[in-house]
Every structure is written in C-alpha cells, then in structure tokens.
Amino acid sequence: MLSRVSSFDDLATWEDSVSHAIPVIVVDPLEDSEDPVEPASLDPRSPLPEVTEIEENILSLQSQLEALQTRKLNLLARNALINRIPPELLSRIFELGVYESNDLPPVLSLVSHHWRSIALSTPSIWSYIRLDNTWGYSRHISFLRKLKVHLERSQDCKFLLDIDCRYLDIANELPQIMTELEPHLHRCFSFRMSVPDWQCMEIVRNMSQKLGPSLEELYLRFDPSESDEQAPFVLLSQPCPRLSSITLEHAPLICIRTELPSLRCLYLIREQRYSSSTRIGISFKEFLDVLNSTPTLEELRIQSALFLLEGSDFVFRSSPIPSVFPNLQALSFHYVESNNLALFLESAHFPALRRLSVQMDTSNDENTQWLVRMSMDSATRFPVLRQLDLRSCNIDGVGLVPFVRALHQLSQLTALGLSSPPSGVLGPRLFEVLATSPDAGDVGMAGQWLLPRLQALCVQNCRDISGHELLQVAWARNTGGASVSPIRYIKIAQCYGLDPETHEQLCRAVTTVRVVR
C-alpha cells in the first residue's frame, strides 16, 4: 500500500457507476428450421445390397477413426509438457489461479486423476468460501455441502468467508451455516458479512465468538432500509491482534469495540448497491476516539457521511487541542459536505499525510471552501502533503480565485489531479496561471510560481481538454530554470477532445504521458 500512495498512476482515476444494460438478442428465423430431408431417404423400396455394404463399411471405418483419434489424444496427453511440471510447482500454480478465480477448485479436480490428487493435497485452494449472487436463492443445502467440503479440505489453512444473507432464510438457514462455521472461525483471516438487519447480525454475533486470532480483514454491510430503526450493538469485542483492514458499509462504529494494534485501513461508507443522496451519521467524538486509539492507521476513507456533534465536544472550546494521526498517509472523502470536511481537517494534525483525495457533490456551488480553510496553516497540519486529487470541485469562473490562492499556500504539492468539473470544462485560466513565470513587478506573489514543485498533472472527464493547455504548462515549466520543477508526468483520462498532434508533442516534452480512453 505504501507504494501506491506515492504513485502518480492512481490520480484522476475516479470511476462512475456502470449501468447494466439488457443485451439485445437477435434471432435468425432460419436458425431453428429443420434440416432438409434427403430425397434418397424417401424411396419406399428396399435398399440395394451394394449400398448396405457401403454403409456398413463407412460405420466400421468411422469406428476405427474414432479409436485412432482417442489413441492419439491419449498419447499426446501422456507426453504433454505439463506432465513434466513438478507437483509442488503445479500446486503453487493452482494457488495463484484460485486466488484470481475462487470457483476454480472443482474444475481443477475434473481435469485428470493426477490433477485431482494435487488439488486435494493443496489445502490453500479450498480456503475461499463465498455465498453471493452467483448462488441465487433457495440453494442453502448445496452451499452447506460445499461449505463442509471446503472446511475439511482446507485443513488448518486460514480461510476467507464471504456471505450475503439476502440469499438465505434468516431464521433457519443462517443458523445452520453459522453452526457449521463456528468451530473453524479461529482460522478465518477475512470475514465479510452482508446482513439485512440487526436481528440477523445477532445470530452471527452469538455464533462467532471464536473469530479474531487470525482475522486480518473485516467487512460488514447492513441494509439501510431495515437497520436504521433498530438498536445497534457490539459485534466484535474479542482480541484481534492481526486485524489490519475494516470496512463498515452503513454500519456504525459501535460494531467494533476491541483494541486494534495492527489496523492500517479504515473505510466508512454508505450502502453502495443503490444510488441515494442520503448520508450516514457518524458521531464526531466517537470517530476521533477510534482514530486516536489506532496510531497505526495509514489509510482512511469516508463516503457519503456527515458528522454528528454533541454540546460537550472539544471542538466547541475556545482553544481545542487537535488530535494527531502520526501514520496516516492517504485520506479520501467522497460526497462529504464542505463544512464537515473542514471540521475534520481543522481538528487534527497529519504529520505523515502524503495524499488527499476529495470528491464533492456537484449540487453544492461553494464546495472548495474547505480547501481554502485547510491551506491557511497547511505547513503545520500537512507538512508532507504531496498529492491532491479533486473531483467535481467548482473552480470555474470566480471560483478559480480562492482555489488558486489555496494552491499558493500548498506550495509543497508535487501532483495535482482534477476530474469531472461540475460544468464539464476546466477552462484555460488555471493552466495559464500554472504556465505563468513569476513577475517581479507583481505585488504579493513576486518571485513565486504556482505550485513550484509540481511534477505530475492529471485530468479526467473534461470535455474542453485538447492537450494544448497541458503542453503550454509543460513547456513553461521545463524551461523555467531552477525555481520550478519540470513536469515529468501527465495523465489524460476520458478527455475525448485531445488533439492527436498535440499528444505527440506532449510525448516529446514530458517523460511519461498516459492517455486513458
């Protein structure tokens, strides 16, 4: 993960939801027509003896041909190069294949007796257990059989468990599955559970007390329509010394009440299956308490959320003492309102933060005020911030002025990503400012480039980008002397107005140019 934080490739890679269109099937009316009847077969007379003899010879020859083909295939199979691969190497190949496609073990077992014996003697390929939409409804008996087989064949290996309870009858089928799982949960390294409500989660909690010793990843999802009106409770209180990643999808922080000495990633997100403008409420005090108790945290993502305040919160004091998150390196906000975002950024110091990613709601015109506020004391709060990745931020027209002023305060940035502006266009002004060398006659900003250490510039989904504006910035900075860093990386994603000739000039002027269609 650390290498990803410092990479430019992830900038301007925001993904929109993919629509699932129903394919149109064209049926050929001639496809299902019956085969034409051969006229010779309509002759009512007995066949000629010579014809009968010929047909018998044909059948005999066909049988011989099939036997020879089978013999040939057997010879090729026995002498195939893959049979020379040592069993331990083939076992490792199976492991890598199952990691990419979890439903591969039954297929491997059907290839040959040799492959089956290797598959059965490789416990790790049986360590992925999933119940998702590929199973459908009313198939828990089949899943129980699969579950028992995988638990037995995985032996003492750690295993991944992914269960979507939408496809189960909660009262009867879920307890049967959890009963089968309970003796083995001590070796579960990835626990992913999607439930409709707290009643269902109570069944899971009562039968998962052995979960924890091997747990490295936890994913909990609740259905918002069912869980909002029910009282939450603690799901995980037992020690989890290896737990490094937690994702709570529409699940409150109260679910987790245990020490997290190894936590690296925390994701708090709204339910993602359905599009909605609603926000999940997070107690600001409880949220900060969790972050303060996990100093090992390196990556934090908050999506479609708002902070809930109490009168006793420290933020209401005249001089509140900010929290310090010593190892947090990557911070992402998606659809978090500007004031909520500014509240969090102003309530803490981030001495290790290198990348800040923010996706705003396009319906809010003033969605860059948080950036202005955080830039005022950025040297103290964000001393090593290097990458700023923004989506749907309003920097058009007069909105460009506070944005540029904020960037002047963030002079340590080396990478800037701009994606999907609300108007669809970025306009030429920002690039003109980035390409303008300092003028000693200008009062206030004399002798200063905008973002003098900028090395990477990335844009996505901007219909007015032709490449000329980026080329202007690259040329100006590459010849700007020692006071400014040259542009060495440019990424252009889903900008369909890119001029091919300008693209070629960019490739000559910049070390790395990536174009994503």
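The values are calculated or read from the model by the stated rules, or taken from the named source; none is laboratory data. Computed from a predicted model, the values in this text were never measured in an experiment. A quick note on method: Cβ atoms are made from the backbone with ideal geometry, for glycine too, and the neighbour counts reach across all protein chains shown. These area figures cover heavy atoms from the full protein model, side chains too; ligands, DNA and RNA do not enter into them. Shrake-Rupley method; radii C 1.70, N 1.55, O 1.52, S 1.80 Å.
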Given the candidates Leu471, Asn461, Leu400, the one whose Cα lies deepest towards the positive end of the charge dipole of segment 396-517, counting +1 at each Lys or Arg C-beta and -1 at each Asp or Glu C-beta, is Asn461
Mean Cβ-within-10 Å packing, highest first, puts peptides 107-113, 175-181, 490-496 in the order 490-496, 175-181, 107-113
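Between Lys72 and Ser117, what FRET efficiency comes out of the Förster formula 1/(1 + (r/R0)^6) with R0 = 22 Å and r the beta carbon distance, rounded to 0.05?
Computed FRET efficiency for Ser117 and Lys72: 0.30.
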From DSSP H assignment alone, runs of 4+ in the chain each adding -39500 (n - 2.57), the sum over residues rounded to the nearest 500 puts [θ] at 222 nm at -9000 deg cm²/dmol
For the chain, averaging the sequence separation of alpha carbon pairs under 8 Å that lie six or more residues apart and dividing by its residue count, the contact order in percent is 8 percent
Residue by residue through segment 231-236, the couplings from Karplus 6.51 cos²θ - 1.76 cosθ + 1.60 with θ = phi - 60°, in Hz, x for Gly and Pro, are 6, x, 8, 7, 9, 10
Distance in nm between Glu432 and Ile93 label points, each 7 Å along Cα→Cβ, equals 6.2 nm
Ignoring ligands and nucleic acids, Asp197 exposes an accessible area, probe 1.4 Å, in Å² to the nearest 10, of 30 Å²
For semi-axes √(5λ) of the Cα gyration tensor in Å, with candidates [x] 54, 36, 23; [y] 53, 31, 22; [z] 45, 30, 23, the value calculated from the shown model is option [x]
Dimensionless Rg/Rh of segment 251-363, both radii on Cα and Rh by Kirkwood, sits at 0.94
Segment 156-232 and segment 266-310 have their Cα centres apart by a whole-number Å value of 21 Å
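What whole-number value in Å² describes the accessible area per residue of segment 258-386 for a 1.4 Å probe?
It amounts to 44 Å² per residue over segment 258-386.
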